[in-house]
Amino acid sequence: MEVVFDLEKEVESGGAYPLVDERKLSYFPFLKRDKEPTIAKDLRYNYANAYRVLPVNPISARIGDYNCMFLGNPQDSFHFAIYY
């Protein structure tokens with residue numbers, strides 16, 4: 001039995017490979033994408049931005065400065081982001 005996988009169909013329906021919501025991606029400035037359109041499995045940690053203050057651009061128009069700091073190295077088992 002041959003299994004045929006149609007990525008375009010999966011992307012349209014979400015399925016196992018959902019498209020990344022570009023608006024929500026602004027909350028994660030420490031992520032980088034390998035290609036566009038971006039599906040969730042194409043996102044990678046950008047370790048060059050680790051342990052730096054990164055601005056966060058919220059979707060809403062609330063007034064104030066929002067920042068985050070990504071904590072992690074490639075060899076770590078766990079990664080954290082602190083938002084303030």
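The values are calculated or read from the model by the stated rules, or taken from the named source; none is laboratory data. The shown structure was predicted, so the numbers you read here are calculated from the model rather than taken from an experiment. Because the Cβ atoms are built from the backbone with ideal geometry, glycine has one as well, and the counts that use them run over all protein chains shown.
Here are the numbers for the structure shown:
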{"item": "Boolean, Asn73 is in contact with a Pro (Cβ under 7 Å, 6 or more places away or on another chain) and at pLDDT 90 or above", "result": "no"}
{"item": "Matching residues, the stretch 38-72, being of a type in the set (Gly, Ala, Ser) and assigned to a loop (DSSP other than H, G, I, E, B)", "result": "Ala50, Ser60, Ala61, Gly64, Gly72"}
{"item": "Filtered residue count, the stretch 22-44, keeping only those that are in contact (Cβ under 8 Å) with a residue 24 or more places away in the chain and either touching a Ser or Thr at 6+ places or on another chain (Cβ under 6 Å) or over 19 Å from Val56 (Cβ atoms) (or both)", "result": "3"}
{"item": "Filter result (surrounded by 10 or more Cβ atoms within 10 Å (Cβ to Cβ) and closer than 15 Å to Tyr27 by Cβ) within the stretch 58-78", "result": "Pro58, Ile59, Tyr66, Asn67, Cys68, Met69, Phe70"}
{"item": "Close pairs (8 angstrom Cβ cut-off, 6 or more residues apart or separate chains): of a type in the set (S, T, N, Q) in the stretch 66-82, surrounded by fewer than 13 Cβ atoms within 10 Å (Cβ to Cβ) anywhere", "result": "Asn67/Val53; Asn67/Pro55; Asn67/Tyr83; Asn67/Tyr84"}
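Residues checked against (1) modelled with pLDDT under 60; (2) in a loop (DSSP other than H, G, I, E, B); (3) among the small types (Gly, Ala, Ser):
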site: Met1; (1), (2), (3): yes, yes, no
site: Val4; (1), (2), (3): yes, yes, no
site: Glu10; (1), (2), (3): yes, no, no
site: Ala16; (1), (2), (3): no, yes, yes
site: Lys24; (1), (2), (3): no, no, no
site: Phe28; (1), (2), (3): no, yes, no
site: Lys32; (1), (2), (3): no, no, no
site: Glu36; (1), (2), (3): no, yes, no
